[in-house]
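Only one structure is covered here, and it is reproduced in the block below.
The values are calculated or read from the model by the stated rules, or taken from the named source; none is laboratory data. These numbers were taken from a predicted model, which means no experiment stands behind them. Because the Cβ atoms are built from the backbone with ideal geometry, glycine has one as well, and the counts that use them run over all protein chains shown.
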Amino acid sequence: MTPVVPEPRRGPVVAALMLGMALAALDGTILSTAVPQIVGDLGGFSIFSWLFSGYLLAATVTLPVYGKLSDTFGRKPVLIAGIVLFLIGSVLCATAWNMGSLVAFRVVQGLGGGAIQGTVQTIAADLYPLKERPKIQAKLSTVWATSAVAGPALGGLLAGYADWRWIFLINLPVGALALYLTVRHLHEPGRQVAPASGREAGESARKKRIPRPRTGAGPRPRIDWAGALAVFATGTLLVTALVQGGVAWPWLSAPSIALLTGTALLAAVTVLVERRAADPIIPGWVWRRRPIAAVNLALGALGLLMIAPTVFLPTYAQSVLGLGPIAAGFVLSAITLTWPISAALCDRVYNRIGFRLTAVTGMTFALLVLLAFPLLPFPGQAWQPALLMLLLGAALGLFQLPLIIAVQGTVGWSERGTATASILFYRQLGQSVGAALFGALANGVIGNRLADSPGTGLPRDLDSVSHALDDPAALTDRAADFLRRAVDSAVDAVFLGAAGAAALCLLVLLFVAPRRFPVHQDPPPDPAPGTQPHQATDPATGAS
C-alpha cells in the first residue's frame, strides 16, 4: 500500500513542489544571458565559468546525502532546509562584491539546490500511487520546460533594464511562497516498517533503527557523518576534475592527474567507510539490486548524451546557421515542448508493455534522431534541427520517466529518498562526464580540420572558433566558411558520440535491467494527528 495525501489536499503541496522546482530550474537558465553584465560589473572573467560549475558541483555531490537524510528524518525538514539554504545563497549572491564572492555564494545556492531537486522528486512519488505518478511528473517536467524557454529572456531583461542582482532577488518571493505552502500543508504520517526478506533480512536485523519520520519518543537515528564527508569529498574531486579538465588545464597536466588520483583514493576510502557504517549514506543495496543498478547506468548514459543538444546545439545554431543567441535558444527549447507531453502520456504505454520496453522504445527513437543529425545539410535551415529536437524530446520523455517511476515503485518509503537521489546523482554525473568527453572530442575534430586551414592565425578550439565567427567581418569569406564547416564537423562528431551513449543505454536496458520491475507494497501508514490518509494499491501487473 502506498500512503498518499488525500486528493483534495494535494493541490497546495503540488504547488509547493512546483515552486521549489522552479527555483532550481530557473537558476541556470536565467543566469546564462546576464554573464556579460556580471563580468562587466565584478570582473573576474577568468573564473566566471565557476558560476555554473560551482553550483553544479555542490548540487550533485550532496544528492546522496540529502536522499539518506530524507529517509531518516522525513522529506519535509530536508525540503525546508534546502529552500532556506537556497534563499540564503540568493541573498548573498545579490550582495556579492567580486567574482570570487559570487562563486562562493553560488556554491551555497547549490547546497540548497541539491536538497530541492532530490526531495521534490521523492515527495512526488509519496503523493501519488504508482499508476498516477505521471501526473505529477508531467507537471514537474512542465516547470523545467517553461524555465528553459522563459529563463534566458527573463535574465536578459533583468540584466539589461534593471540590475543583474535582481536575478537572485526574484527567488525570494517564489521561495517564500514555496516555504509557506510546505510548512502549512505538507504533513507526513508515521509509517510502519515493512519486513525485509532474503539477503537483506539479516541486514535489517542488524539495523533496528529503520529510517522514518520521528513521531514521539524512540531511538535517535544515527547519521553516518563520516560517510557523508567521504561521499562529498570524493564527488567534489571527481566533478572538479571533469569540469575543469581540458578547460582550466590540459587533461594530462599535473592538476588533472592529481585530482583523478585523489578521486580514486577517496573512492576506496568511501567504500571502506560505508561498509563499516551501521546506516550508510550510500547503502550497498543501491548497487546490489538489479533494477536500481540498471537505471543508474541508463540515466548516467542519458546525462552523457544530453550534453550534445544542451551544450553544442546552441553553438551550432549560432556559428553554422548564423542565428542570434535568442533564436539559437529557441531551436534548443523545442526539446522542452514535447518532453513533458510525452512524459504525461507515457503511462498509457508502460501500462500495456511495461517499464522496460517503454524505455527501450523511447531510447531507440532517440538513437535514430541522434544519428540523423549529422545527415543535416550544410548550412541548412533552423527548422531542421528544431524538428529533430521536437522528436528527441518526445523520445526522451518516453524513456526517462518510466525508469524513474519504476525505481520508486521498487522501494518502500524508508528507501525511496536514497533510491531517487541515486538515479539523479548518476544522471548529473553523466552530464559532467559528457561535458568533459564531448568537449575533448569537439576540440580534437576542430584541431584536425584546422591543420589544413586556408590561413594562419586561425583559432584552434571550439570556443575560440565560435568567438571568431561572432565577428565575421574580421575574416575572409573563405576562412569564415572553413571555420563554419569545422564547427559543423565537430558538432556532428559530438552527436555521433551521443548516439554511442544511446546505444550503450540500450544495451544496459536489454541485458542488465530486469524484464519486469518488482512493485513494493508499503505497509499501511500510521495516520498523523487529525488526518486520515488515503491509501491506494499499486498495480501488480501491467506496470512492471
query: Of the residues in segment 292-322, how many are modelled with pLDDT of 85 or more, over 16 Å from Val369 (Cβ atoms) and part of a helix (DSSP H, G or I)?
result: 11
- prompt: Regarding Ile223, is this residue at pLDDT below 90 and in contact with a Gly (Cβ under 7 Å, 6 or more places away or on another chain)?
  reply: no
query: Any idea which of Ser147, Ser197, Ser204 is modelled with pLDDT of 75 or more and of a type in the set (Ser, Thr, Tyr)?
result: Ser147
- prompt: Which one of Gly497, Gly434 is buried (at least 23 other Cβ atoms within 10 Å of the Cβ) and modelled with pLDDT of 70 or more?
  reply: Gly434
query: In segment 372-391, what count of residues is obtained for those that are of a type in the set (Phe, Trp, Tyr) and under 20 Å from Met306 (Cβ atoms)?
result: 1
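Picking from Leu181, Leu158, Leu172, Leu130, which residue would you name as being buried (at least 19 other Cβ atoms within 10 Å of the Cβ) and modelled with pLDDT of 90 or more? Quick ask: steps written out before the conclusion?
On the way: Leu158 fails: modelled with pLDDT of 90 or more; Leu172 fails: buried (at least 19 other Cβ atoms within 10 Å of the Cβ); Leu130 fails: modelled with pLDDT of 90 or more.
Matching residue, one of Leu181, Leu158, Leu172, Leu130: Leu181.
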